[in-house]
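Every number in this text was worked out from the coordinates using simple rules, so none of it is lab data. Source: prediction; values computed, not measured. Cβ placement follows ideal geometry from the backbone for every residue including glycine, while neighbour counts extend to all protein chains displayed.
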Amino acid sequence: MKSTGVIRRIDELGRIVIPKEIRRNLGIHDGENVEIFTESDSIILKKYNRLSTLTELSTKLCKIIYNEFNYKIMITDREKILTTCGLSDKLINTPIPPDYLNIIEEREIKKEENHTLKLNELTLIGNFLYIPIISLNDSIGLIIMYSEKPLTNELSIGKLISSILVSKLDI
């Protein structure tokens, strides 16, 4: 565990303030949740990501869609790629480009044709469909469908994936 040198007093309601610099470094924004763990005499705070609890389901859904329709898919949270199918597994945990966070926050389905996307050493050139994942009125991630060919039925398939994931989160 790395010491920050920061010491805070607990108020009468049991609250502490996490310094802005630490929140910024960890990517914790106002209104986001943190998960609380204990270990011997320590309290550990970890940024909570609801969508990451469904990584196994996301992966299974992607594999089914890829095997049936040959659609290449990436599912992201607000920071990184959680799962892929039809693309390199090396992309998992790759940070998403900042403009993708804008797509997530805008909550609008977006289509890009003849677009170039660079992720790590991989360059994808083709057609992309971006479907925000919205759960409990929060935009929490993105389904990215990719094809070298023109996009046809991807929208309905992407919406279906999003609906299945959201239905599991909203229970």
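Which value, in debye to the nearest 20, describes the size of the charge dipole of the chain about its Cα centre when Lys and Arg Cβ atoms bear +1, Asp and Glu Cβ atoms bear -1, and nothing else is charged? Could the numbers behind the result be given before it?
On the way: 23 positive and 24 negative charges, 39 e Å.
Roughly 180 debye for the chain.
Roughly how many debye, to the nearest 20, is the charge dipole of the range 1-48 about its Cα centre, given +1 on each Lys and Arg Cβ, -1 on each Asp and Glu Cβ, and no other charges?
On the way: 9 positive and 8 negative charges, 48 e Å.
For the range 1-48, the charge dipole is close to 240 debye.
Set Lys and Arg Cβ to +1 and Asp and Glu Cβ to -1, take the dipole of the range 38-171 about its Cα centre, and tell me which of 139, 167, 61 lies farthest positive.
61
Take every Cα pair under 8 Å in the chain that's 6+ residues apart, average their separations, divide by the length, and report that relative contact order as a whole percent.
Values: 247 pairs, mean separation 26.0, N = 171.
Value for the chain: 15 percent.
Mean residue ellipticity at 222 nm from the helices of the chain, using -39,500 (n - 2.57) per DSSP H segment of n ≥ 4 over the full residue count, to the nearest 500 deg cm²/dmol? Please list the in-between numbers first.
Working: 4 runs with 47 residues, N = 171.
Here the helix-only value at 222 nm equals -8500 deg cm²/dmol.
Among 63, 149, 72, which one moves the most in a GNM of the chain with springs linking Cα atoms closer than 10 Å?
Ranking 63, 149, 72 by mean-square fluctuation puts 149 first.
Separation of the range 1-74 and the range 77-93 by C-alpha centroid, Å?
17 Å
List every DSSP H helix in the chain whose Cα atoms extend 18 Å or more along the helix's own long axis and whose mean Kyte-Doolittle hydropathy is at least -1.0.
Values: long enough: 55-69 (21 Å, 0.01); 154-169 (22 Å, 1.12).
Membrane-span-like by this criterion, though nothing is claimed about a membrane: 55-69, 154-169.
Within the range 79-171, list the GluC sites (Glu not before Pro) lying in a DSSP loop whose Cβ has at most 14 other Cβ atoms in a 10 Å radius.
108, 121, 148
With a cap of 16 neighbouring Cβ atoms within 10 Å, and only residues DSSP puts in a loop, list the trypsin sites (Lys or Arg not before Pro) found in the range 95-166. The partial results should precede the final answer.
Values: sites: 107, 110, 111, 118, 159; in loops: 107.
Within the range 95-166, the qualifying trypsin sites (Lys or Arg not before Pro) (loop, at most 16 other Cβ atoms within 10 Å) are 107.
Per 10 Å bin, what percent of the C-alpha pairs of the range 1-120 does each bin hold, from zero upward?
10, 32, 30, 18, 9, 2
Over all distinct Cα pairs, what is the inverse of the mean 1/r for the range 1-48, reported as the Kirkwood hydrodynamic radius in Å?
Numbers: mean 1/r = 0.0824 Å⁻¹.
After inverting the mean inverse Cα-Cα distance, the result is 12.1 Å.
Give me the three principal axis extents of the range 51-169 from the C-alpha atoms, as integers in angstrom, largest value leading.
Taking the Cα atoms of the range 51-169, the three principal extents are 33, 31, 25 Å.
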